[in-house]
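To start, the structure under review is shown below, and the notes come after it.
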Amino acid sequence: MFDGNAAGAVIMNSNGLVIEDNVFAWNAGGRSFGLVLQTATEPTVRGNLFVGNGTGTFFDNVVHGRYTGNLVAGNWLGLQLFDNSEATEVTGNAVVGNTFDATGGSAPGAYVFCAGGRGNYWQSAKDEGYDLDGDGILDRPHQAGSPLAELARAREGLRLFLGSPAAHALHWAERTFPAFSMDQAVDACPLARAPMLGELAALPPREGEGGTKGQYAVAMASLAAGVGVLVAPVRRRAKARRRESAA
């Protein structure tokens, strides 16, 4: 459990690491991270919970990585995706209730957001999209990034105005009539329903707030609004895996 720090965990110059069933929470601040992956070859990041961080997960030169089955909720920025990665698969995750879901990630061959006809659950895509044929995949691709996120990341003073009516109007106008020439990550097969993830029960309350205020409340409200998370402690899943290994 990595919580209440400037950075939860920083993984650098690694090969083949498996990061599984962890909680990265309340690492808050404009330059704080839940998990940093930097110069990582073939990492597997699955079944983790990223809540209330400045940035949920930071990808920098991640080669042939797998980021799947994670819950990314209530962060200022969910995923920061540098374009110098290679063939890193980001699928089967639930990305909900973040101020911004993602930045970067548009370079050809850097990331795979749709594999085997399965992408990620983006709450913003579900709010704006539709699944007319009922196959569990939204009927149009989803742009996960936002020009506002790029601007606010580079100019921190703008963050004070992100909740204003003008910012919401600009976001809607940009979605409808794109004017900024900023490349954005695109999920070609976004999920219509959230994966059944089991990390929520392991979430510690934010220090001094008793789990009732701030980003905790935002994240929980987003989940209650229809994300459909299965509440099952991470420790229970880890123990089950150990029993299977022992057998």
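Descriptive notes on the structure:
- Within the stretch 88-98, being touching a residue at least 60 places away in the same chain (Cβ under 8 Å) and surrounded by fewer than 22 Cβ atoms within 10 Å (Cβ to Cβ) holds for one residue alone: 92.
- Options 133, 101: the member that is surrounded by fewer than 21 Cβ atoms within 10 Å (Cβ to Cβ) and among the acidic types (Asp, Glu): 133
Here is a yes/no grid of residues against (1) at pLDDT 90 or above; (2) farther than 29 Å from residue 126 by Cβ; (3) surrounded by 24 or more Cβ atoms within 10 Å (Cβ to Cβ):
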residue	(1), (2), (3)
14	yes, yes, no
25	yes, no, yes
39	yes, yes, no
43	yes, no, no
48	yes, no, yes
53	yes, no, yes
70	yes, no, yes
80	yes, no, no
86	yes, yes, no
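- Note on the stretch 138-164: residues that are more than 21 Å from residue 88 (Cβ to Cβ) and at pLDDT 85 or above amount to 3.
- Selection of strands (runs of 3 or more DSSP E) fully inside the stretch 1-60 by the criterion of at least 1 residues being in contact with an Asp or Glu (Cβ under 6 Å, 6 or more places away or on another chain) and touching a residue at least 40 places away in the same chain (Cβ under 8 Å) returns 23-25, 49-51.
The values are calculated or read from the model by the stated rules, or taken from the named source; none is laboratory data. What you see is a predicted model; the values in this text were computed from it and never measured. With ideal geometry, Cβ positions are generated from the backbone for all residues, glycine too; neighbour counts draw on all protein chains shown.
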